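Read through the structure below, which is laid out as C-alpha cells, and then see the notes.
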Amino acid sequence: MYSKPEKLSLLSEMIEFAKSDNKIKDEEYNFILAVASQLEITEEEIGHLVRDQPEKKTLIPESQRILQFHRLVLLMNVDQEASPPELHKIKEMGLQMGLRPEAIDTVLKEMHNYPNKVIPSQELIKIFTTFYN
C-alpha cells in the first residue's frame, strides 16, 4: 500500500505531531511503535526519525490522507490529554494535507462523544463524506 519513503514520512509526521507539546510521552511513543510495527518499520528506524526528519511525501489518494489524519487524532488522544498546542498543530497538519477545515473541526468536536475520544473510523469517513459531497 505504501512505499518505504511514504511509511517513513507517515511516521515522521506522527513524531512531529507528538512533539507539538514539546516532548513525546511514553504513551505516544508506544502508539507510534505500534503503527510502525504494522508498517514493518523497526524501532531503530523510529529512533532515526526522532533525530532526523526525512522529507515529507504527500499522500495522493484522499483516503490515505484521511487515514493519516485519523492516526493523528488517535495519537493525540492516547494520553487522554489534548493540549492547546496539539489542537492547533493537528488542525494545521490537516489543512496541509488538503483536508476541509469544516471536516477537521467536526472530527475534533465529535471525538468527545466517544469513549476515550476514539472516534470510530466509519464515523470519521461519514464526517468527511458529508463535507466532500
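The values are calculated or read from the model by the stated rules, or taken from the named source; none is laboratory data. Just so it is clear, the structure is predicted and the values come from calculations on it, not from any experiment. Cβ coordinates were reconstructed from backbone atoms using ideal geometry, including for glycine residues, and neighbour counts include every protein chain displayed. We work out accessible area using only protein heavy atoms, side chains counted, and drop any ligands, DNA or RNA first. Shrake-Rupley method; radii C 1.70, N 1.55, O 1.52, S 1.80 Å.
Highlighted here would be helices (runs of 4 or more DSSP H) found entirely within the range 41-133 that include at least 2 residues which are basic (Lys, Arg), open to solvent by 80 Å² or more (accessible area, probe 1.4 Å) and within 19 Å of residue 28 (Cβ to Cβ), but there are none. Note on the range 1-32: among residues that are in a helix (DSSP H, G or I) and aliphatic (A, V, I, L, M), the one that is farthest from residue 90 (Cα to Cα) is 8.
Annotation note: of 20, 12, the sole residue that is open to solvent by less than 40 Å² (accessible area, probe 1.4 Å), touching a residue at least 60 places away in the same chain (Cβ under 8 Å) and in contact with a Lys or Arg (Cβ under 9 Å, 6 or more places away or on another chain) is 20. The set of residues in the range 59-118 that are closer than 18 Å to residue 8 by Cα and of a type in the set (Phe, Trp, Tyr) contains only 69.
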